[in-house]
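Have a look at the structure below before the remarks.
The values are calculated or read from the model by the stated rules, or taken from the named source; none is laboratory data. Predicted model only: the values in this text are computed from it and were never measured. When we count neighbours, we look across all protein chains shown, and the Cβ atoms used for this are built from the backbone with ideal geometry, even at glycine.
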Amino acid sequence: MANLTRRIVLTATAALPFAGAFAGAAQAEAPMLGTSFARHRRFRIGDFEVTTILAGTTPREEPQGIFGMNVSPEDFAAVSRANFLSTDVSQFFFTPTVVNTGSELVLFDTGLDGAAITGALASAGYTPDQIDIVVLSHMHGDHIGGLMTDGQPTFANARYVTGQAEFDFWAAAGNAGFDANVRPMADSMSFLAGGGDVVSGITAMAAPGHTPGHMVYRLDSAGAGLVIFADLANHPVWSLARPDWEVRFDADKAQAAASRRTVLGMIAADRIPAIGYHMPFPALGYVDTGTDGAEFRWVPEAGQLMG
């Protein structure tokens, strides 16, 4: 028995270097896969099924050239440091939203181009021909770019809804993006003012400033609510938390700040979730009153809507 035990130990010990070599080789051969990110987040608001979809993300250098243009570099740097943000680069997210009401599939905004929105929809299990209604919060290029693909409508079966004031402004502006992507859909569009309904349970709210007719949308279903606030605020710290910090993309900066206060104050008071087109993906969270000089605070959703 002793000799047998000794042979087993010697055999196992002799094999160890080879086992280590094989393990090391296997680990070395596993490729680096690169940074990855989930592309959709689905949850329920009452009887509605809501899905945020990532249609693109990109870095932008020198964020104070975009946000906080009216504050000192020292104040911008201090707020950024307190929130673990770089002052050299910011990551932008582009997040359309799909709402399934049970009878219609409604898409809010269309991303930068047709290929991007089609891919984002596919990641969430949808195809463009399933979209019944396309709602445009406003008509900047990153919201209307996906309306057309290779010169043809991306959403072959959809009708379109947008604000009357927004459409009228861009129709008179001689804007190439509007002329290429929105004007061809004019005969299939219906127009809203604040308080108008897209469908039952989805109501438009005027929130001008970012653009002249910028709209946000409130969902109400079975006692639950949510606000899709589009570009009302473009960053959780440098815009939402500090509504008076000027954003380069806001056409009327004072009006944009007033709209931020009104809508964000409502979301905070009603304690309902919200989706922001440029909030860090999945772009879903809550708005609370702020601290340490911030007027509001973005609180990312942390499992409250998993049920």
Applying the selection to segment 137-178, what residues are in contact with a Pro (Cβ under 8 Å, 6 or more places away or on another chain) and of a type in the set (Phe, Trp, Tyr)? Phe155, Phe169
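A quick yes/no check of all residues on (1) of a type in the set (S, T, N, Q); (2) touching a helix residue (DSSP H, G or I) at 6+ places or on another chain (Cβ under 8 Å); (3) surrounded by fewer than 24 Cβ atoms within 10 Å (Cβ to Cβ); (4) more than 27 Å from Trp170 (Cα to Cα):
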position	(1), (2), (3), (4)
Thr95	yes, no, no, no
Thr101	yes, no, yes, yes
Ala116	no, yes, yes, no
Tyr126	no, no, yes, yes
His138	no, yes, no, no
His143	no, no, no, no
Could you tell me whether Ala165 is more than 21 Å from Phe249 (Cβ to Cβ), in contact with a Gly (Cβ under 9 Å, 6 or more places away or on another chain) and in the same structural domain as Pro96 (by TED's automatic domain parsing)? no
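Looking at Asp252, is it under 21 Å from Pro63 (Cβ atoms), out of contact with any Cys (no Cβ under 6 Å at 6 or more places or on another chain) and not aromatic (Phe, Trp, Tyr)?
So Asp252 fails the test.
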What strands (runs of 3 or more DSSP E) completely inside segment 78-151 contain at least 3 residues that are under 17 Å from Thr57 (Cβ atoms)? 89-94
Kindly indicate whether any position in segment 45-66 is exposed (fewer than 15 other Cβ atoms within 10 Å of the Cβ) and assigned to a helix (DSSP H, G or I). yes
Quick check on this structure: which one of Phe108, Phe167 is within 21 Å of Ala230 (Cβ to Cβ), aromatic (Phe, Trp, Tyr) and under 16 Å from the mean Cα position of the chain (by Cα)? Phe108
Just checking, which of Ala156, Ala186, Ala180 is surrounded by fewer than 17 Cβ atoms within 10 Å (Cβ to Cβ) and in a loop (DSSP other than H, G, I, E, B)? Ala156
Can you confirm whether segment 151-161 contains a residue that is modelled with pLDDT of 95 or more and within 23 Å of Ala283 (Cα to Cα)? yes
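Working only within segment 37-87, note down all residues that are acidic (Asp, Glu), more than 25 Å from Ala274 (Cα to Cα) and out of contact with any Asp or Glu (no Cβ under 9 Å at 6 or more places or on another chain).
Once the filter is applied, which keeps residues that are acidic (Asp, Glu), more than 25 Å from Ala274 (Cα to Cα) and out of contact with any Asp or Glu (no Cβ under 9 Å at 6 or more places or on another chain), segment 37-87 yields Glu74, Asp75.
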For segment 205-307, which fully contained strands (runs of 3 or more DSSP E) count at least 3 residues that are in contact with a Gly (Cβ under 7 Å, 6 or more places away or on another chain) and in contact (Cβ under 8 Å) with a residue 40 or more places away in the chain? 215-221, 296-300
For Leu112: the one exception among (1) touching a His at 6+ places or on another chain (Cβ under 8 Å); (2) without any contact (Cβ under 8 Å) to a residue 60 or more places away in the chain: (1)
Residues in segment 163-172: is at least one in contact with a strand residue (DSSP E or B) (Cβ under 6 Å, 6 or more places away or on another chain) and polar (S, T, N, Q)? yes
Which numbered condition Ile202 fails, given (1) crowded, with 20+ Cβ neighbours inside 10 Å; (2) over 20 Å from the mean Cα position of the chain (by Cα); (3) under 20 Å from Ile275 (Cβ atoms); (4) not hydroxyl-bearing (Ser, Thr, Tyr): (2)
Which numbered condition Arg44 fails, given (1) basic (Lys, Arg); (2) modelled with pLDDT under 95; (3) under 19 Å from Pro300 (Cβ atoms): (2)
